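Asker: Pasting a structure below so you can have a look.
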Amino acid sequence: MKYISSLSLIICLNLFSVSRECSAQILNIEDPTLTKDSLSKHDFKYGFGANFNLSQQNETVYEIDGLLESVYHYNDKHQVLLNGQYFNTGIVGTELINGGFIHLRYTPNFLNKVAPQLFAQHQLDRGRGLVQRQLLGGNLRWQALKKDKISIQVATGIFYENEIWNISGSPDSQEGQLRNGVLKSNNMLRLYFQIGKKTELSIVNYYQLPFANANGAMRLASNISLSTEISDRFQLQINFNSMYDARPLIAIDKFYYTFSNGFGYENK
């Protein structure tokens, strides 16, 4: 059974990474079996990984990262996807980044060209003051183009977002908290390219906008992943994640990103 998705179920070991603020996720969840040629009955695939970095300069800096990806197909038709990640970065006595997410998505009639999706997500980003964010909604997904070397997928839908922030933008809430609940549109464009026999490129973009009182409060998220096979099971990967929030609830940067390189392991 052949995988041609650029983000197959993987175990990641980061070689190095740079980031500006935190790599918070907003529905930017990859689908490990999007372009799979065929599926088995009751097919279950999974991947997991952990990363730990420690460096000593003027301060001792640590970084912990955990990843889980799993997908289940029922009767060759219906898909259940569960993804999660946790990351913690800081210096002794101070947390700079403490965040993560867990995402659950159900796609009935997954192989159809047009299929509905239901999803739920819980997220935190305490280093930047996000105590918690919950998302609940649904999409209509359209497989616009699907060929051996190129795939285009579009989705649009609606979701309810509930957020709690520390007004100070820091892990503590000494200045109080701010809660916000809003109904938003969710729009996604995914592009997949096979550029060469062993190299794949995946680009996923999300555009979100509140239905009421928008006033330019759009949110853009992007994931770019380049993967090259170095053996039957191992891959070299380059990943870039970014998010732009035109009007954040509190006084934080509008744009932040994460860039990382590493090895991937594919569970075939």
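The values are calculated or read from the model by the stated rules, or taken from the named source; none is laboratory data. Small disclaimer: the values here were computed from a predicted structure and weren't measured. Cβ coordinates were reconstructed from backbone atoms using ideal geometry, including for glycine residues, and neighbour counts include every protein chain displayed.
Asker: Kindly provide the set of residues from the range 102-121 that are buried (at least 20 other Cβ atoms within 10 Å of the Cβ) and within 16 Å of ASP76 (Cα to Cα), ordered by number.
Answerer: THR107, PHE110
Asker: Which is closer than 20 Å to MET243 by Cβ, touching a Phe, Trp or Tyr at 6+ places or on another chain (Cβ under 9 Å), not β-branched (Val, Ile, Thr) and not in a loop (DSSP other than H, G, I, E, B), of GLN117, GLN121?
Answerer: Within the list GLN117, GLN121, the selection yields GLN121.
Asker: Here's another thing I want to ask about it. Might you let me know whether the range 122-135 holds any residue that is surrounded by 13 or more Cβ atoms within 10 Å (Cβ to Cβ), over 29 Å from GLY90 (Cβ atoms) and modelled with pLDDT of 90 or more?
Answerer: No: zero hits.
Asker: If you take the residues of the range 149-163 that are of a type outside the set (A, V, I, L, M) and surrounded by 13 or more Cβ atoms within 10 Å (Cβ to Cβ), which of them is nearest to ASP125 (Cα to Cα)?
Answerer: GLU163
Asker: With the condition kept exactly as written, say whether any residue in the range 94-105 is over 24 Å from ARG179 (Cβ atoms), modelled with pLDDT under 90 and in contact with a helix residue (DSSP H, G or I) (Cβ under 9 Å, 6 or more places away or on another chain).
Answerer: yes
Asker: Oh, and also: Specify the residue that is farthest from ASN187 (Cα to Cα); the eligible residues are those in the range 136-148 that are surrounded by fewer than 20 Cβ atoms within 10 Å (Cβ to Cβ) and charged (D, E, K, R).
Answerer: ASP148
Asker: Take the range 126-155 and flag every residue that is over 19 Å from the mean Cα position of the chain (by Cα), basic (Lys, Arg) and not in a strand (DSSP E or B).
Answerer: Passing the criteria: LYS147, LYS149.
Asker: So which residues in the range 184-216 are among the aliphatic types (A, V, I, L, M) and under 30 Å from SER151 (Cα atoms)?
Answerer: Result: MET188, LEU189, LEU191, ILE195, LEU201, ILE203, VAL204, LEU209.
Asker: Same structure, new question: Quick check, is ASP37 at pLDDT below 75, outside any strand (DSSP E or B), surrounded by fewer than 18 Cβ atoms within 10 Å (Cβ to Cβ) and of a type in the set (Asp, Glu)?
Answerer: Yes: the conditions hold for ASP37.
Asker: Restricting attention to the range 88-139, report how many residues are among the polar types (S, T, N, Q) and under 15 Å from VAL71 (Cα atoms).
Answerer: Here the count works out to 3.
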